[in-house]
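Worksheet: one structure, shown below.
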Amino acid sequence: LPNLISMTTTTDIGDYLGEMWNTYYYLASELDYNGPDDTTLYDANCNPIAEVPHEYSDDVCIEGSGILADGRVINYATTCSCGRACPTGGIICYVELDPQLYPYGMGSQGNALEPLRSWAVDNTLIAPGTLLYAEQWDGINIPLVDGLGGFVHDGCFRADDVGGWIQGYHFDFFAGTQSLHLALESIHPTSSDFDVYENPGKCAYLAP
């Protein structure tokens, strides 16, 4: 009986992938910045999208998706030759998204990002859409911040995105908002280690 329980539990959480370390990202909000609108954001054809504070331009190019003060949601489209250079290098142009379909931005497969569930991963290690289980997140009480959280996490996630700096056994946890990101840092700080499993049966409800 003990062996049967052990086998069932192992199957339920999936196959061990390895130890991975974390960072966080979020939907950058223009409303978090009070500076003058001194920087133009452009679409992939170098047509102006919005005038924003340069600090916000820096934030949204790092995070990859953002919400403008007027409620429009923008997302990384491509590197381009127009606009302000990103602090991490290169110049980013954006695409406007339907905020009803993509309230928190778009992942790498045209999917909607889901706060507290979406991870950006290295697709040479983890295929897009793969369900993942992180043992150290299971049972964690997620605080209610900006209308997100307020529940006990079950450790289930999905490979929804990629990033230029996400390589190997590194995942970027989509927190949803900057404030929630900071709250999560007090639980599992950046560069913490996690035991991660792929294709967990207990997480089947997150299947794309």
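The values are calculated or read from the model by the stated rules, or taken from the named source; none is laboratory data. Because the structure is a prediction, the values reported are computed rather than measured. Don't worry about glycine lacking a Cβ; one is built from the backbone with ideal geometry, like all the others, and counts go over all protein chains shown. Heads up: the accessible areas ignore ligands, DNA and RNA and are worked out on the full protein's heavy atoms, side chains in. Shrake-Rupley method; radii C 1.70, N 1.55, O 1.52, S 1.80 Å.
In plain terms, if you count all Cα to Cα distances in the chain and split them into 5 Å steps from zero, the share in each step is 1, 7, 15, 19, 18, 15, 10, 7, 4, 2, 1, 1, 0, 0 percent. Note on C80: accessible area approximately 30 square angstrom, rounded to 10, probe 1.4 Å, nucleic acids and ligands left out.
Would you mind checking the range 144-166 for residues with the amide N under 16 Å from a putative spin-label position 7 Å along Cα→C-beta of L182? Backbone N within reach: 144-148. With every protein chain in place and a 1.4 angstrom probe, the accessible-area ranking of C61, C156, largest first, reads C61, C156. Segment C46..Q109, full-extension length gain: 20.3 nm, with 0.36 nm per residue of separation and the alpha-carbon distance subtracted.
At 0.36 nm per residue, and after removing the present C-alpha to C-alpha distance, how many nm does the segment from Y16 to A77 gain when stretched out fully? Numbers along the way, then the final one.
Numbers: separation 61, 0.36 × 61 = 21.96 nm, distance 3.38 nm.
Length gained, Y16 through A77: 18.6 nm.
Within the range 31-132, the ratio Rg/Rh, alpha carbon atoms throughout and Rh by Kirkwood, equals 0.98. At a probe radius of 1.4 angstrom, the accessible area of the chain per residue rounds to 47 square angstrom.
The relative contact order of the range 80-187 comes to 29 percent, based on Cα pairs under 8 Å that sit 6 or more residues apart. Only DSSP H runs of four or more residues enter the estimate; each adds -39500 (n - 2.57), and after division by the residues of the chain the mean residue ellipticity at 222 nm equals -4000 deg cm²/dmol. List the chymotrypsin sites (Phe, Trp or Tyr not before Pro) within the range 108-178 that fall in a DSSP loop (any state other than H, G, I, E or B) and whose Cβ has at most 13 other Cβ atoms within 10 Å. Sites meeting the loop and neighbour criteria: W165.
Taking G14, G129, G147 as the candidate residues, the one with maximal mean-square fluctuation in a Gaussian network model of the chain, Cα springs under 10 Å, is G147. Binning all Cα-Cα separations of the range 141-208 at 5 Å, short to long from zero, yields these whole-percent fractions: 3, 13, 22, 25, 24, 12, 1.
Carbon-plus-sulfur fraction of the accessible area of the chain, 1.4 Å probe, in percent? Ligands and nucleic acids excluded, carbon and sulfur reach 53 percent.
Straightening the chain between I140 and A204 buys 21.1 nm, computed as 0.36 nm per residue apart minus the Cα-Cα spacing. Surface listing: H188, H54 arranged by accessible area from highest to lowest gives H54, H188, probe 1.4 Å.
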